[in-house]
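Student: The following block contains the structure, expressed as structure tokens.
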Amino acid sequence: MSSTKPTMEDIVSLSKRRGFVFQSSEIYGGLSGFYDYGPLGIELSNNLKQLWWDAMVHAKDNVFGVDGAIIQNPMLWQASGHVAGFADPMVEDTVTHKRYRADQLAGVDSTDLTELAKLLEHKKSPDGNPLGKPRSFNMMMQTWVGPIEDDAAKVYLRPETAGSIFTNYLNVKDTMRAKLPFGIAQVGKAFRNEISPRDFIFRVRELEQMEMQYFINPKDQEKVYEEWRQFAWNFLISTLGIKESNLSWHEHGDTERAHYAKAAHDIYFNFPQGPKELWGTHNRSDFDLTNHAKASGKDLTYTDDKSGEQFTPYVIESSVGLGRMLLAVMTDAFDRDEVGGEQRIVMRFNPKLAPVKAAVSPLLKNKPELVDLARKVYAQLKSEFGSVLWDDNGNIGKRYRRQDEIGTPYCITIDFESLDNNTVTLRDRDTAKQTRLSIDELSQNLREGLRGN
Ligand code: ATP
């Protein structure tokens, strides 16, 4: 099957035209770095979340889910190092005062301000003006709780979901009677005041993360780290069906790693703007539990039942952005081809991911007997598969094109022959082939096809 690499414009325009992603508060001109998911986007995003949760939590017997609050006691972010160090290097155009990511203008993956200052010494801003000195910019968003806006009431919107996983380490261990190794997984919103949000939903200020922190005996760190790297790679290829040729590994260098990380490998996806980070696996060492123990005064060490050995667990983290995953899946699925001499855009989503599973049409919308039977088939499929569309607009060819463009795996048409022998045509998105089958066999056929293996 062919595949056409789309431009970002292709994806943005399809997203808007067909209801995947909209600018947030669009009628007011939008807000940079914030997006809303439309009727199809939310289906796709829910499918991604559910597959991740199934693989990460339900398929394992030692990974437990939590859903922490977005706002936590600010001591958490002091202890985690985010208040002091969750920063990106920023540089300002001295004339327009527009701010840019210094590392991106310099074209390096580095947060080292001295190195960046050297590299940017003779560079101009994108508007052709001189640049100021690179400095650190903290990306945590702040607000206040309660009626008084003073320092005592200042809190942060979490910059990553991991924080409440560490603060719930003891709660989960005790309530689930968990023994090492075990993991805690969470899906939820995080906020980053990115200096220059860009590339559609790739870099936003309100994002959703899917994270899992795995607590281990430090002696197992290398082996477990490799296992979670492999998990991410396999999930993208085997569960989501992403083409391996769109993926690559990137190991963080010394000046690129986050303040807590001992080792970090990202999976890069070949996004429309080029290969960029999609999914990170990090060895966070005992950084988190050691610092939270110090700051909270709680004992977060672990004692091994059998050996009696006592230690602070190491953490291997698997962290991926849901919006980036959605952008990757849309990019990977995008294709253009020709069917019956007509050009079409077809989203070749894995059927498990497809936001709409099937569309049902009466051949003609002004023939009540066709519409009645089609409505029955529609109701039957909707009750079983949920996300099924009714489409009686325009001619059949147009309906198929519309469904191809949103990646609907199957279109079912009820025609005059259906009235005689209780059969329908089932049209396959990828091959555009139509087969005739009995209404009684329809559910079973769809069930098999939608498994998507
Ligand atoms: P980047 O280098 O792209 O800024 P990061 O290394 O800071 O990302 P992490 O802190 O490891 O990212 O976050 C884990 C995951 O969350 C990333 O792999 C990415 O998928 C997602 N993510 C991080 N920042 C953003 C953002 N601003 N917009 C969308 N997704 C993001």
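Quick grid of which residues meet (1) open to solvent by less than 40 Å² (accessible area, probe 1.4 Å); (2) under 20 Å from Glu43 (Cα atoms); (3) in a strand (DSSP E or B):
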site	(1), (2), (3)
Ser361	yes, no, yes
Asn366	no, no, no
Leu373	yes, no, no
Val377	yes, no, no
Leu381	yes, yes, no
Glu384	no, yes, no
Gly394	no, no, no
Gly397	yes, no, no
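Student: Pick out the one residue from Lys16, Lys5 that is farther than 29 Å from Gly183 by Cα and assigned to a helix (DSSP H, G or I).
Tutor: The match here is Lys16.
Student: Here is a follow-up. So which residues in the range 259-284 are in contact (Cβ under 8 Å) with a residue 60 or more places away in the chain and crowded, with 17+ Cβ neighbours inside 10 Å, if there are any at all?
Tutor: Tyr260, Phe269, Asn270, Phe271, Pro272, Lys276, Asn283, Arg284
Student: Just checking, does the range 194-206 include any residue being open to solvent by 20 Å² or more (accessible area, probe 1.4 Å), over 18 Å from Asp266 (Cβ atoms), touching a residue at least 12 places away in the same chain (Cβ under 8 Å) and not in a loop (DSSP other than H, G, I, E, B)?
Tutor: Among the residues of the range 194-206, at least one is open to solvent by 20 Å² or more (accessible area, probe 1.4 Å), over 18 Å from Asp266 (Cβ atoms), touching a residue at least 12 places away in the same chain (Cβ under 8 Å) and not in a loop (DSSP other than H, G, I, E, B), which makes the answer yes.
Student: Hey, among Glu256, Glu338, Glu342, which residue is farther than 24 Å from Ala185 by Cβ and without any contact (Cβ under 8 Å) to a residue 24 or more places away in the chain?
Tutor: It is Glu338.
Conditions (1) open to solvent by 40 Å² or more (accessible area, probe 1.4 Å); (2) within 30 Å of Asp304 (Cα to Cα); (3) out of contact with any helix residue (DSSP H, G or I) (no Cβ under 6 Å at 6 or more places or on another chain), marked per residue:
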| residue | (1), (2), (3) |
| --- | --- |
| Arg135 | yes, no, yes |
| Trp144 | yes, no, no |
| Pro147 | yes, no, yes |
| Ala153 | no, no, yes |
| Gly163 | no, yes, no |
| Phe166 | no, yes, no |
| Asn171 | yes, yes, yes |
| Met176 | yes, yes, yes |
| Lys179 | yes, yes, yes |
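Student: Return the only residue of Leu44, Leu119, Leu51 being in a helix (DSSP H, G or I) and open to solvent by 70 Å² or more (accessible area, probe 1.4 Å).
Tutor: Going through Leu44, Leu119, Leu51 in turn, the sole match is Leu119.
Student: Looking at Leu180, Leu170, Leu236, which is the one that is in a helix (DSSP H, G or I) and either closer than 23 Å to Ala263 by Cα or not assigned by TED's automatic domain parsing to the domain that holds Thr303 (or both)?
Tutor: Leu236
Student: Are any residues in the range 297-333 surrounded by 15 or more Cβ atoms within 10 Å (Cβ to Cβ) and among the hydroxyl-bearing types (Ser, Thr, Tyr), and if so, which ones?
Tutor: Answer for the range 297-333, where residues must be surrounded by 15 or more Cβ atoms within 10 Å (Cβ to Cβ) and among the hydroxyl-bearing types (Ser, Thr, Tyr): Tyr302, Thr312, Tyr314, Ser318, Ser319, Thr331.
Student: Also, quick follow-up: Can you pull out every residue in the range 19-41 that is in a helix (DSSP H, G or I), aliphatic (A, V, I, L, M) and crowded, with 18+ Cβ neighbours inside 10 Å?
Tutor: Listed by number, the list holds a single entry, Leu40.
Student: Taking the residues in the range 72-102 that are assigned to a loop (DSSP other than H, G, I, E, B) and over 29 Å from His122 (Cβ atoms) as candidates, determine which candidate is most open to solvent (accessible area, probe 1.4 Å).
Tutor: Asn73
Student: Turning to a different aspect of this structure: For residues that are in contact (Cβ under 8 Å) with a residue 40 or more places away in the chain and either open to solvent by less than 40 Å² (accessible area, probe 1.4 Å) or outside any loop (DSSP other than H, G, I, E, B) (or both), tally how many sit in the range 242-251.
Tutor: Here the count works out to 2.
Student: Under 6 Å by Cβ, and 6 or more places apart or on different chains, what pairs join a residue from the range 157-173 that is more than 10 Å from Glu211 (Cβ to Cβ) with one that is within 13 Å of the ligand (Cβ to nearest atom) and in a helix (DSSP H, G or I)?
Tutor: Partner pairs satisfying both residue conditions: Pro159/His82.
Student: When only residues in the range 320-330 that are out of contact with any Phe, Trp or Tyr (no Cβ under 7 Å at 6 or more places or on another chain) and small (Gly, Ala, Ser) count, which is farthest from the ligand (Cβ to nearest atom)?
Tutor: Filtering the range 320-330 for residues that are out of contact with any Phe, Trp or Tyr (no Cβ under 7 Å at 6 or more places or on another chain) and small (Gly, Ala, Ser), the one farthest from the ligand (Cβ to nearest atom) comes out as Gly323.
Student: Something else about it: Which of the residues that make up the range 249-282 are more than 9 Å from the ligand (Cβ to nearest atom) and closer than 14 Å to Asp332 by Cβ?
Tutor: Passing the criteria: Tyr268, Phe269, Asn270, Phe271, Pro272, Pro275.
Student: Sticking with this one: Is it true that some residue in the range 214-232 is modelled with pLDDT of 95 or more, within 12 Å of the ligand (Cβ to nearest atom), assigned by TED's automatic domain parsing to the domain that holds Gly33 and farther than 14 Å from Thr281 by Cα?
Tutor: No, there is no match, as no residue in the range 214-232 is modelled with pLDDT of 95 or more, within 12 Å of the ligand (Cβ to nearest atom), assigned by TED's automatic domain parsing to the domain that holds Gly33 and farther than 14 Å from Thr281 by Cα.
The values are calculated or read from the model by the stated rules, or taken from the named source; none is laboratory data. Just so it is clear, the structure is predicted and the values come from calculations on it, not from any experiment. Cβ coordinates were reconstructed from backbone atoms using ideal geometry, including for glycine residues, and neighbour counts include every protein chain displayed. Quick note on the areas: whole protein, heavy atoms, side chains included, nothing else; ligands and nucleic acids left out. Shrake-Rupley method; radii C 1.70, N 1.55, O 1.52, S 1.80 Å.
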